[in-house]
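Structure first, then comments.
Coordinate-derived values only; no laboratory data. Computed from a predicted structure; not experimentally measured. Cβ placement follows ideal geometry from the backbone for every residue including glycine, while neighbour counts extend to all protein chains displayed.
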Amino acid sequence: MLYKFKSKDAGDVIMLEANGRKVLEIIGKDPSPKGIILPEQMPAAIAALQAAIAHEEAHDANAEDGVVPGDGLGLRQRAVPFIDMLQRNLKAGHEVVWGV
């Protein structure tokens, strides 16, 4: 399954199920097949994603488990297009939807 996030003010953002589910859980949304993020929910969603990115990057910087930071794609690479979509739609006052 793919999550395809759509809005009036940004291009579609498509994520594999695991990545879309993680992003939705971070912002406190049910990772159901269909949903909506209202403009009034976007500031908290943006803040939650930015905090999760900072946490992941701090953990990677302090990791001593042999994992090299930058191996593969992290949350930042997956979430930045989505954050941009939220910021554009917040400014315009439009919702972001998926599964419709």
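Along the charge dipole of the chain, Cβ charges K/R +1 and D/E -1, which of GLY99, ALA48, ILE14 sits furthest on the positive end?
The listed residue farthest towards the positive side: GLY99.
Once you have the alpha carbon radius of gyration of region 2-98, what is it after dividing by 2.2 N^0.38 Å, with N set to its residue count?
Rg over 2.2 N^0.38 Å, computed on Cα atoms: 1.11.
Would you mind calculating the gained length between VAL100 and LYS6 on full extension (0.36 nm times residue separation, minus the Cα-Cα distance), in nm to one decimal?
33.0 nm
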